[in-house]
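Quick note: the coordinates plus some simple rules give every number you see, no bench work behind them. Everything numeric here is computed off the predicted structure, so don't read it as measured data. FYI the Cβ positions are ideal-geometry reconstructions off the backbone, even for glycines, and counts take in every protein chain you see.
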Ligand code: PEP
Ligand code: MG
């Protein structure tokens with residue numbers, strides 16, 4: 001057996017077979033494009049000239065080899081899936097096969113190479129996009145929904161064309177534990193949490209997006225587990241089994257019988273605790289002296305919203321809309337977005353849904369949007385900057401999203417929130433854009449609703465001018481994950497400097513205190529949707545500082561509620577003051593921990 005320790009990312013104890021996942025990102029695959037190396041958004045904007053004679057023939061061969069490889073994969077997949085998971089899922093992949101081998105699609109892609117001098121990759125992107133639009137224009141709802149399949153087919157074809165074996169997390173064997181270098185949010189979005197035991201990855205910290213997704217999906221996970229890929233390969237030479245304790249950050253490969261017994265006891269204890277927590281779901285988050293706060297849930301997809309319902313959240317405090325955009329060769333249409341947002345609004349039955357506009361860049365690339373090479377992506381083309389400062393194309397992305405959000409607001413209580421704000425004028429620009437989009441919908445006679453407008457306070461710059469920003473928005477939500485990373489100049493996903501990324505650093509807390517104070521002075525609600533909101537030790541000091549709303553992964557809700565219900569405001573205020581007066585993160589954490597223990601006793 002080999003035991004490794006990583007960072008505890010998401011609680012739960014599982015035993016399963018090891019599944020090593022080594023899929024390069026779509027962006028990386030496309031840089032293999034031998035013709036231009038810069039196959040940009042829908043077609044070769046780099047201006048490849050491949051139409052003449054042998055080059056066109058070479059590109060046609062690349063395309064047809066790619067189609068043949070993708071077809072072989074799908075045929076094998078249909079057989080395997082039929083045997084393992086039945087006819088229904090097999091039919092889905094049969095549908096993919098039919099679209100992939102459609103003569104019309106082949107002719108269209110070939111013509112793009114020969115007549116318009118695109119390389120094979122550009123031709124695939126264009127062909128897939130065109131087919132998808134054709135499906136979207138159909139009357140029949142079932143066929144219209146097949147448009148979503150085109151993204152999958154396009155991805156498979158691009159990988160096959162690059163000669164990279166395609167591994168999908170959507171159809172992996174049941175009960176496995178995934179081991180990978182990293183999982184992108186789009187990888188995790190493909191996971192069916194009911195089929196996967198959990199995952200362990202080499203990179204990332206507690207607030208990396210991989211860890212956040214694990215908590216959202218309620219999948220036990222360990223991140224920042226150095227050496228796990230090698231250990232997993234080694235384990236596959238033996239039984240290939242793994243036990244993982246996501247609450248403790250521990251993994252053991254090929255465990256002995258005694259270790260399995262021990263993990264089974266831990267698992268039983270974890271499940272009993274979960275049941276006890278579920279019993280708190282119907283109670284309000286009210287202190288002993290009658291102060292009530294809102295407890296919202298963080299989600300990435302409509303399915304996450306439904307999964308959160310048993311935990312009875314007061315709303316969605318953060319809907320990370322970017323998951324709809326990730327790892328698709330094409331951008332989601334307005335209607336696709338509307339459908340997703342309206343579904344969440346309806347699932348929440350009139351409770352507020354805070355929809356965050358597209359927040360990509362940093363560790364969240366999107367294949368359908370060209371990103372520049374950056375030395376410091378977290379300080380770069382990220383979040384609202386990408387939408388606002390971009391050439392028309394990307395403003396179009398935000399416009400489309402706002403149209404979808406406003407239309408969804410007619411189906412529930414949708415609030416719109418903007419990420420990565422660092423300047424006052426950015427908020428003014430966004431508000432002007434929102435007003436334009438609203439006027440456009442009005443002129444077109446479209447049904448839409450009113451939305452509240454808020455911002456994430458996640459840069460120190462925004463935190464320090466929070467008093468001014470509070471004059472022009474309806475609410476704040478503190479993004480403590482990024483606020484910590486930017487305040488302490490410590491990359492949140494870099495396992496090597498995980499010790500510098502100190503959530504309890506007094507500097508972070510002082511900024512949090514100022515933001516809440518600024519919101520209160522202006523009478524707007526202040527929430528927190530970063531991971532700090534779901535940390536038990538933080539619950540009391542945040543309450544004492546006057547936080548109105550906490551938003552977190554669903555399973556953290558009862559733990560925070562339990563603390564709030566046991567506390568009085570006096571205790572909370574004392575805890576807040578003690579944290580603000582601490583010299584170090586360790587001291588702040590210690591006083592917060594002691595205060596929490598005192599109220600729970
Ligand atoms: C944050 O930064 O705290 C936040 C909630 O946003 P994200 O984790 O998606 O960057
Ligand atoms: Mg953020």
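Assorted remarks:
- The calculated FRET efficiency for residue 489 paired with residue 581, based on their beta-carbon distance and R0 = 35 Å, is about 0.90.
- Least to most buried among 442, 505 (fewest other Cβ within 10 Å first): 442, 505
- Helix-only [θ]222 nm of the chain, DSSP H runs n ≥ 4, -39500 (n - 2.57) each, per residue, nearest 500: -15000 deg cm²/dmol
- 15 Å reach of a label modelled at residue 266, 7 Å along Cα-to-Cβ, counting backbone N of the stretch 155-199: 198-199
- Percent antiparallel among DSSP beta bridges (both partners in the chain, rounded to 5): 30
- The chain: angle of helix 87-100 to the longest principal axis, Cα-based, in degrees nearest 10: 50
- Of the residues 601, 79, the one with the fewest other Cβ atoms within 10 Å heads the list, and the complete ranking is 601, 79.
- A Förster radius of 22 Å, combined with the Cβ-Cβ distance separating residue 142 from residue 106, puts the computed FRET efficiency at roughly 0.35.
- Computed from Cα atoms, the angle from the helix 392-408 axis to the main principal axis of the chain rounds to 60 degrees.
- Seen through its C-alpha gyration tensor, with square-root eigenvalues sorted a ≥ b ≥ c, the stretch 101-222 comes out prolate because a/c lies at 1.5 or above while a/b is bigger than b/c.
- Taking a ≥ b ≥ c as the square roots of the eigenvalues of the Cα gyration tensor, an a/c ratio of 1.5 or more together with a/b no larger than b/c marks the chain as oblate.
- Förster-model FRET efficiency, 41 Å R0, residue 597 and residue 80, C-beta, rounded to 0.05: 0.20
- Put in order of Cβ neighbour count within 10 Å, fewest first, the listed residues 114, 222, 78 become 114, 78, 222.
- Potential lengthening of the chain between residue 195 and residue 168 amounts to 8.4 nm, from the contour at 0.36 nm per residue minus the alpha-carbon distance.
- Here the label points at residue 114 and residue 514, each 7 Å from Cα along the C-beta direction, are separated by 6.5 nm in the simple model.
- The length gained on full extension between residue 72 and residue 292, counted as 0.36 nm times the residue separation minus their Cα-Cα distance, comes to 73.4 nm.
- Compared with the alpha-carbon gap, the fully stretched path from residue 446 to residue 333 is longer by 39.0 nm at 0.36 nm per residue.
- Spacing of the two label points (7 Å from each Cα toward its C-beta) at residue 465 and residue 428, in nm: 0.9
- With Cα atoms, 0 to 90° folded angle of helix 334-347 axis to the chain main axis: 40
- The stretch 272-379: relative contact order in percent, alpha carbon pairs under 8 Å with at least 6 residues between: 25
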